[in-house]
Each structure stands twice: as structure tokens, then as C-alpha cells.
Amino acid sequence: MLRTLPNTAREEAPAPRDTRDAHSDTLRRAVAFIEANAHRAITLADIAASIPVTPRAVQYAFTRHAGTTPLGHLRRVRLARAHAELRSADPSGGATVADIAGRWGFAHQGRFAAAYRQEYGVTPSATLRSG
């Protein structure tokens, strides 16, 4: 009987999707919050609460419209801000890579240097020296 009648007892149900608010306006508002608060220790929950939508809706909006995650975008914004600061800083005036990275939320210097080099093709210290 199970062979002749359709049976979904063994099929797994798809996970529910929170797409109600996962549209481009959600992305725009989340990006604006990230850019205004990149210097702060913010989480996905903070981003979602600022809009306000669920964290899942923020994740879906970024995935669908930006091809990244909210925290991936935050990381790129912070890298860009650290890069701009490294370019304009004066190393003879006491500016250090560690200080600048720390201001932009990068506590682990090795990870910061690796991400920076991957994004900009040079080390953060080379950027600081050339600025």
C-alpha cells in the first residue's frame, strides 16, 4: 500500500524561512546601521533590533541581496576604515598597526594582518609606512 500511495512520512520538512522582512529595504537599513556603528562591538542581534526585524531576516537579506553575511559586511567595513586610517596615520607620531586594528574591533593581530593582506594585497605595516 505504501508503494502505491504518495507517502511523505520519511521526507524531512524544509526548515521554515523568515523571509517576510528579507528585502532590499532591510538590507539598506542594516547597512546604514553597520556603517554608523562599525566602531562599536555590535552583534547580529544589535543589527536586527535596530531595524527592527528578526536576526534571520537580516541574514536572508544580506544573502539574497548582497551575497554576504551581516558580520561579513561588518568585517569589510571595519577593514576599510582601518585601511583608511593606516593610510593617513603618521608612524613617526606613534601610530601603530595594533592600535588602529584595535580601534576597529580586531583584537587578534594575526587574523587582522591576514584579512588585511587578502583584501589589499599588502601588509598593514607596509600601508602604515607608506602613508
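Nothing in this text is a laboratory measurement; each read-out follows from the coordinates by a stated rule. Keep in mind that this is a model prediction, so the values were computed, not measured. Every residue, glycine as well, gets a Cβ built from its backbone with ideal geometry; the counts of neighbours run over all protein chains shown.
Odds and ends about this structure:
- Verdict on I47 being in contact with an Asp or Glu (Cβ under 9 Å, 6 or more places away or on another chain), of a type outside the set (G, A, S) and closer than 21 Å to A30 by Cβ: no
- The set of residues in region 50-77 being touching an Asp or Glu at 6+ places or on another chain (Cβ under 7 Å) and either among the hydrophobic types (A, V, I, L, M, F, W, C) or on the phi > 0 side of the Ramachandran plot (or both) consists of V53, A57, V77.
- Of the helices (runs of 4 or more DSSP H) lying entirely inside region 24-131, those containing at least 1 residues that are loosely packed, with under 14 Cβ neighbours inside 10 Å span 24-37, 44-49, 70-88, 97-103, 109-120, 124-130.
- Residues of region 76-123 that are in contact with a Lys or Arg (Cβ under 8 Å, 6 or more places away or on another chain) and in contact (Cβ under 8 Å) with a residue 24 or more places away in the chain: A82, P91, W104, G105, F106, A115, E119.
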